[in-house]
Every structure is written in C-alpha cells, then in structure tokens.
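One structure is given below, encoded as structure tokens.
The values are calculated or read from the model by the stated rules, or taken from the named source; none is laboratory data. Keep in mind it's a predicted model, so treat the numbers as computed, not measured. Ideal geometry is used to build each Cβ from the backbone, glycine not excepted, and the neighbour counts take in all protein chains shown. Just the protein is used for accessible areas: all its heavy atoms, side chains included, with ligands, DNA and RNA removed. Shrake-Rupley method; radii C 1.70, N 1.55, O 1.52, S 1.80 Å.
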Amino acid sequence: MPQILPDFLSSVKLKYVKLGYQYLVNHILYLLLVPVLVAILLEVLRLGPEEIVNLWHSLHFDLVQILCSSFLIIFVATVYFMSKPRTIYLVDYACYKPPVTCRMRILERSGLGEETCLPPAIHYIPPTPTMEAARGEAELVIFSAMDSLFKKTGLKPKDIDILIVNCSLFSPTPSLSAMVINKYKLRSNIKSFNLSGMGCSAGVISIDLARDLLQVHPNSNAVVVSTEIITPNYYQGNERAMLLPNCLFRMGGAAILLSNRRSESRRAKYRLVHVVRTHKGADDKAYRCVFEEEDKEGKVGISLSKDLMAIAGEALKSNITTMGPLVLPASEQLLFLFTLIGRKIFNPKWKPYIPDFKQAFEHFCIHAGGRAVIDELQKNLQLSAEHVEASRMTLHRFGNTSSSSLWYELSYVESKGRMKKGERVWQIAFGSGFKCNSAVWKCNKTIKTPVDGPWADCIDRYPVHIPEIVKL
C-alpha cells in the first residue's frame, strides 16, 4: 500500500526542530502573556460604558492610601535608579600600526605572515636589548596609539580622569603610566595605574579595573593602554620550551577610551555588559605553566609548559561556567541543565552538552596566542571558520601582540563591515598565572567601515589561506 503521509523523521530536519524549541523557550513569557492580555481586552470590550463607570465608582480611594502608595512607588524607583550600575561606554579605540620597515620572515607552523614586526634592537646579530632601546619601543608603540586615539575621538589630554597602562614584562622606573603623563602633561590629580606581570589577559583586567573606577567616579573618562614590549624579553638561548615566544610575540599596542558620561552614549561604539575573570593560580601546574626563568646557561626567557593547552582548557571551562548563565538564552541553559541531571541520575557516560554560545554572541575575539590556542577554542566552542577568522588573520598579520591582540581582532571585524547595532562581542583572553578572562560588549550603533586603522591598507587581501606548514 503506498504511503499516504510523508515520512516525518526523514522530512523534518533536526535543526528546524531545535530552532522551534529555542523560539518557544526563549519567548515563553510573551507567548503566555499575550493570550492573557487579549482575554482582558475582550472582557473590557464586552462591558458596556455604564458598567465600566459603575465599576470605577465602586472603587473607594482613601487620600492616605494614595499618598502612601505614591511615596512607596517614588521610594522604590529612587532606590532602583541609585543602585543601578553606571553604564560604561567604549567611545573608541586605536591600535598601533607597525612601520613597513620592520617586516621579516618567521618560522614554520606558527600561523604568522611576513608583515609582523619585531623591534629594531632584535634585528641585530646578536640582539641588543638595552634599556634605552626598550624605552624607545615603549614610546613608539604607546605614543602612536595615544596620538591616534586623540585624533579619532577629539579627546584632550586634560579631559582624562583615569589612566591605566598594562605591560606584563617591561616594568621600568618611572612607570609606563608616568611616561604617558609626562608626555601629554596630564592633570596632577589624575588616577593612574600601572599593571605588570599579568600576561596576555591583562587587557581585560585593565577594562575591569576601569569599570570599577568609573562606577565610583561619575562623569569621568578613562584611557586604557594595553601593550607588550618585546625588546628586553627576547630569549637568546636554545631551550625549546623557551623559544616559542620568540616565534609568536610581535610589536603591538592599543589605546581605549571608556566613559560613563551620558553625553558619550550617542557616539560610543560599544557598551560594556559583563566582565568575568577566572584565576587558576592556586594549582601549582597552572601557576608554573607560563613561567619566566633562567635556562641552564643563565639566559632569561619565558618557559611554556607542555600542559599549557590542558590548563587553558580547564580555565576556559571555569570561565564559561560563570559566563553561561549571564549570556545564554533560556533554551541553552535548560538543555545544559537536563543533560547535567541525566548524567548525575541516569547515565554518567552521557556526553556532556556544550552550550551553543553562537546563540549569545555574533562575534568572537579569541586571543591570538597561537594557532593551537585558536584551533582548540574553535573545536571546544564549536565555532565556524568565520567566527575565528578575526583571530587567525590578526595572528597572521600582526602576530601575538599579547593583551592588545583583542583590539586588532575587533578592528578586523569593523574593517570588514560586519559590526551591526545590537550585536554582541565576546573577547576571550588567556594569561600567565594562569588566567582566563572574558569581556562582553554590545554594539551601540552600526559601525561604518573605518578608513584608517591597522587594517586600512591590507583588509582587501584578507582572509588569506594559511597553510599548515610554511616552507622557508
């Protein structure tokens, strides 16, 4: 007998079933509320004008009750608005663009292109990492980024209320923040901070510090400068575990203007939504997986443990466990909860459900720490090639610029014309200690393709194919 009805299981794609489930769960309140409102409206329309007037007159209002109710409403509204955190806006940012003169070819398998930049002191054989050369690199990178920020935003040095500079491995005296204050003659009452030794995730830490300061200092502007100075930290030994940073780290820096001024809300590019920080330093392996030390010959360098990726995975797991409830829609949280209960009660061998973070974010800025880092996060978070494109192309064009790499990635997304109003960005960074830090931004307006910036002269060439091995 021929089949009259179509085969449901073969005709309906599971992805549409999941889409229907997500829509139902995420809009359950609206779906329940609309019928109730319609029923109330129909009941009101059914009543005649006289019945409505009689119902109104039957209500007895007491002056004391009205005053008390009004006072309560005003009091609750006042407490709510006073306790509500101040909105933190990212007005704009600027990235340092290395000059063409310091391009050089690098090693196989790293995922870096030929346009990445090392400081002049490293071009000598042997390298000459002097204090003067290190200060020269710091001035070049930081001042260039600051000048670009002033030009883009129209900000004047005297309008800066808070200054935060983070650089992990180069911490001179006077500090880098003092160097910026001296260069631009900033106010004597400026609140300045200099963060060091906090690794590649220090940029998100600086954003978190700026957010906390802006919560207690109204009507203020904060400038965050994120960079890493390569000159004094180039390893000149032969230990394999300490040579990898030489292959990955390159010059780079970014200056970011944050503000809690309401007047900045219209021109600001983004609004800060969440910052989640995870520190695994209590574990000895995590603490030592990225460690500055001397080799057998007494040469100082950064040693990377073979357990680095496993430790980074555990840190990411802890971070997204905290981040998930803040950003994931109800449909994803319910699936995760049901799977967790099933594993605990029915079968521990059930495959754990990995939440679909693509439901929470349109763009991902994964720290360009290296090809292995990007590959692992793409796999674990089930991201597409387009989701990690900004990270891969940033690694290829600029290398690992440490804490500033997130801003080169965000600039890539903007330069491609992909950033639309209301879209959400997830910045994920890893750092020594061991730390995994996340920042969530919401786009405040559709961003026009920038005509300047670090990608201005090369964005048309990207994305490029990056082979597994580059023959030199």
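I need the full set of residues from region 267-311 which are under 14 Å from LEU244 (Cβ atoms) and of a type in the set (Gly, Ala, Ser), in order please.
GLY301, SER303, SER305 - these are the residues of region 267-311 that are under 14 Å from LEU244 (Cβ atoms) and of a type in the set (Gly, Ala, Ser).
Name the residue that is farthest from VAL413 (Cα to Cα), counting only residues in region 72-90 that are at pLDDT below 80 and part of a helix (DSSP H, G or I).
PHE75
Looking at region 237-281 only, could you name the residues that are over 22 Å from the mean Cα position of the chain (by Cα) and closer than 26 Å to SER318 by Cβ?
ALA241, LEU244, PRO245
If you take the residues in region 157-168 that are out of contact with any Ser or Thr (no Cβ under 8 Å at 6 or more places or on another chain) and closer than 22 Å to LEU272 by Cβ, which one is surrounded by the most Cβ atoms within 10 Å (Cβ to Cβ)?
ILE160
Kindly indicate which of MET179, MET198 is modelled with pLDDT of 95 or more and open to solvent by 10 Å² or more (accessible area, probe 1.4 Å).
MET179
Can you tell me which residues in region 326-342 are in a helix (DSSP H, G or I) and aliphatic (A, V, I, L, M)?
Within region 326-342, LEU326, VAL327, ALA330, LEU334, LEU335, LEU337, LEU340, ILE341 qualify.
Pick out the one residue from SER188, SER171 that is over 30 Å from LYS435 (Cα atoms), open to solvent by 20 Å² or more (accessible area, probe 1.4 Å) and small (Gly, Ala, Ser).
Numbers: SER171 fails: over 30 Å from LYS435 (Cα atoms).
After ruling out the rest, the residue left standing is SER188.
Can you find a residue that is under 22 Å from PRO119 (Cβ atoms), assigned to a helix (DSSP H, G or I) and of a type in the set (Ser, Thr, Tyr) anywhere in region 155-174?
There is no residue in region 155-174 that is under 22 Å from PRO119 (Cβ atoms), assigned to a helix (DSSP H, G or I) and of a type in the set (Ser, Thr, Tyr).
ALA133 - would you say it is of a type in the set (A, V, I, L, M, F, W, C), in a helix (DSSP H, G or I), surrounded by fewer than 21 Cβ atoms within 10 Å (Cβ to Cβ) and touching a residue at least 24 places away in the same chain (Cβ under 8 Å)? Quick ask: steps written out before the conclusion?
Details: of a type in the set (A, V, I, L, M, F, W, C): yes; in a helix (DSSP H, G or I): yes; surrounded by fewer than 21 Cβ atoms within 10 Å (Cβ to Cβ): yes; touching a residue at least 24 places away in the same chain (Cβ under 8 Å): yes.
Taking the combined requirement at face value, the residue satisfies it.
Identify the residue in region 91-117 that is in a loop (DSSP other than H, G, I, E, B) and at pLDDT 85 or above and, among all such residues, is most open to solvent (accessible area, probe 1.4 Å).
Result: LYS97.
Report whether or not LYS421 is under 14 Å from the mean Cα position of the chain (by Cα) and open to solvent by 30 Å² or more (accessible area, probe 1.4 Å).
For LYS421, the condition - under 14 Å from the mean Cα position of the chain (by Cα) and open to solvent by 30 Å² or more (accessible area, probe 1.4 Å) - is not met.
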